[in-house]
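The values are calculated or read from the model by the stated rules, or taken from the named source; none is laboratory data. These numbers were taken from a predicted model, which means no experiment stands behind them. As a convention, Cβ positions derive from the backbone with ideal geometry for all residues, glycine included, and neighbour counts pool all protein chains shown.
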């Protein structure tokens, strides 16, 4: 049974995507508030904002393409949370799964939200993986 990928959940849950859209936003706000007040940093902040936006946009496109490819062409297997650790606004989730009689362990860094903060060690999860590269896997519940 295929699960539908939510782009919004990828942007909010995946740490790389979250940082890729948040950093340019922070720089843009800083630029707007320093506009005309601090002469020497205003221009540098604009270039930093533009550069950060370009890099962030490319990172987001790459991550969404990666998630979409695995969710559309991947296979869903059962997995289990092996370790979960949250610090401030982000966390690391280590999970295990078996594919073709081989056990894999994968970690992912995610943003801390109520829905993913409630997972505990030993919880059963659904894992979507790339059959050509089983090490490329994602926890379905985080992104659907």
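So the values come out like this:
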| quantity | calculated |
| --- | --- |
| Residue within the range 53-69 that is over 23 Å from residue 132 (Cβ atoms), loosely packed, with under 14 Cβ neighbours inside 10 Å and over 16 Å from the mean Cα position of the chain (by Cα) present | yes |
| Residue list for the range 96-139, restricted to those being part of a helix (DSSP H, G or I) and at pLDDT 95 or above | none |
| For residue 77: the one exception among (1) touching a residue at least 12 places away in the same chain (Cβ under 8 Å); (2) farther than 20 Å from residue 144 by Cα | (2) |
| Residue among 19, 13, 92 that alone is under 23 Å from residue 122 (Cα atoms), under 13 Å from the mean Cα position of the chain (by Cα) and outside the structural domain of residue 134 (by TED's automatic domain parsing) | 13 |
| Residues being under 12 Å from the mean Cα position of the chain (by Cα) and over 16 Å from residue 72 (Cβ atoms) - total across the range 100-142 | 8 |
| Subset tally (residues that are buried (at least 17 other Cβ atoms within 10 Å of the Cβ) and at pLDDT below 95) for the range 75-92 | 2 |
